[in-house]
1. Give the residues of region 35-78 that are among the hydroxyl-bearing types (Ser, Thr, Tyr) and in contact with a Phe, Trp or Tyr (Cβ under 6 Å, 6 or more places away or on another chain), sorted by residue number.
2. Based on what the data block shows, is ALA51 among the hydrophobic types (A, V, I, L, M, F, W, C), assigned to a helix (DSSP H, G or I), out of contact with any Ser or Thr (no Cβ under 8 Å at 6 or more places or on another chain) and farther than 20 Å from GLU119 by Cβ?
3. Which condition does ILE3 not pass, out of (1) closer than 13 Å to CYS106 by Cβ; (2) crowded, with 24+ Cβ neighbours inside 10 Å; (3) not polar (S, T, N, Q), if it passes all the others?
4. Considering every residue within region 105-120, establish whether at least one is of a type in the set (Ser, Thr, Tyr), more than 13 Å from the chain's Cα centre (by Cα) and farther than 25 Å from PHE46 by Cβ.
5. If a residue must be touching a strand residue (DSSP E or B) at 6+ places or on another chain (Cβ under 7 Å) and either within 15 Å of GLY126 (Cβ to Cβ) or polar (S, T, N, Q) (or both), how many such residues does region 17-40 contain?
6. When region 65-84 is examined, which residues are found to be in contact with a Ser or Thr (Cβ under 7 Å, 6 or more places away or on another chain) and either within 13 Å of GLY108 (Cα to Cα) or not aliphatic (A, V, I, L, M) (or both)?
7. What tally of residues in region 10-46 results from selecting those that are among the aliphatic types (A, V, I, L, M) and not in a loop (DSSP other than H, G, I, E, B)?
8. Considering only helices (runs of 4 or more DSSP H) fully contained in region 73-152, which possess at least 3 residues that are within 22 Å of ILE29 (Cα to Cα) and free of Cβ contacts under 8 Å to residues at least 40 places away in the same chain?
Amino acid sequence: MKIAIASDHAGFPLKQYLADCLKQLGHKIDDLGTDSPDTAVDYPDFAAKIALAVTQGKANKGIIVCGSGVGACIAANKFTGARASVCHDTYSARQGVEHDDMNILCLGARIIGTALAEEIARAFIGASFSNETRHVRRLDKVRSFEQKQPGK
C-alpha cells in the first residue's frame, strides 16, 4: 500500500519511527516532510500535503503527526474527500476505516508513545471499508455535505 506521511516539528521523531516501521512491513512510504525537529513549522501546511496526496489518489492512506493530532485533523478535514480523525487507540483507528472510510490518521506525538502509535498505524493500515449498506448510506450522507457547501 502507498502511504503518505508527514508531520510538523513536534511530530517529527514519531513520524520517522512510523515511516521506518511501515517500510519494514512492505509499504511504500511517501514522506512529505517536515525534515527536522529543530525548525518550527506550521502543521496546516503538512496536513494539506497529506490531504491532497490522499484525495488526488497519490496515496491510498495518509498519516499526519503533530503535537496533539487535533490541529492537523481540523486542517485535513477542510479538503473535499479527506476523512481524517485523531485516533489514540486501535479500536477507533480500525473502526474509523471499516465504518466511516477514514483515509487519514492523525496522531499526537505528545500524547502517545512509539509502541502504541505503531499498533494504531497497523490497525489503520490493515483495515478496509466494510461496504455494508448502513455504512455506505452514512458515508453518502457525509459526502453530500461537501456538495452542499457554498461555492461548490
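1. Within region 35-78, the subset among the hydroxyl-bearing types (Ser, Thr, Tyr) is 36, 39, 43, 55, 68.
Within region 35-78, just THR55 meets the criteria.
2. Details: among the hydrophobic types (A, V, I, L, M, F, W, C): yes; assigned to a helix (DSSP H, G or I): yes; out of contact with any Ser or Thr (no Cβ under 8 Å at 6 or more places or on another chain): yes; farther than 20 Å from GLU119 by Cβ: yes.
Judged against the criteria, ALA51 is a match.
3. (1)
4. Narrowing region 105-120 to residues of a type in the set (Ser, Thr, Tyr): 114.
Among the residues that remain, those that are also more than 13 Å from the chain's Cα centre (by Cα) are: 114.
Cutting the leftovers down to farther than 25 Å from PHE46 by Cβ gives us none.
No, region 105-120 contains no residue that is of a type in the set (Ser, Thr, Tyr), more than 13 Å from the chain's Cα centre (by Cα) and farther than 25 Å from PHE46 by Cβ.
5. Initial filter on region 17-40 (touching a strand residue (DSSP E or B) at 6+ places or on another chain (Cβ under 7 Å)): 18-19, 22-23, 27-34.
From the residues that got through so far, the ones that are either within 15 Å of GLY126 (Cβ to Cβ) or polar (S, T, N, Q) (or both) too are 18, 22, 27, 34.
Matching residues across region 17-40 total 4.
6. As a first pass, look at region 65-84 and keep what is in contact with a Ser or Thr (Cβ under 7 Å, 6 or more places away or on another chain): 65-66, 73, 79-82.
Those that are in contact with a Ser or Thr (Cβ under 7 Å, 6 or more places away or on another chain) and either within 13 Å of GLY108 (Cα to Cα) or not aliphatic (A, V, I, L, M) (or both): VAL65, CYS66, CYS73, PHE79, THR80, GLY81.
7. Filtering region 10-46 down to residues among the aliphatic types (A, V, I, L, M) leaves 10, 14, 18-19, 22, 25, 29, 32, 40-41.
Now restrict to residues that are not in a loop (DSSP other than H, G, I, E, B): 14, 18-19, 22, 29.
Of the residues in that region, 5 qualify.
8. Values: elements: 90-100, 114-126, 133-147.
Per the criteria, 90-100, 114-126.
Bear in mind these aren't lab numbers, they're just calculated from the coordinates by the rules spelled out. Nothing here was measured: the structure is a model prediction, and the numbers come from that model. Neighbour counts are summed over all protein chains in view; Cβ atoms, including those assigned to glycine, are modelled from backbone coordinates with ideal geometry.
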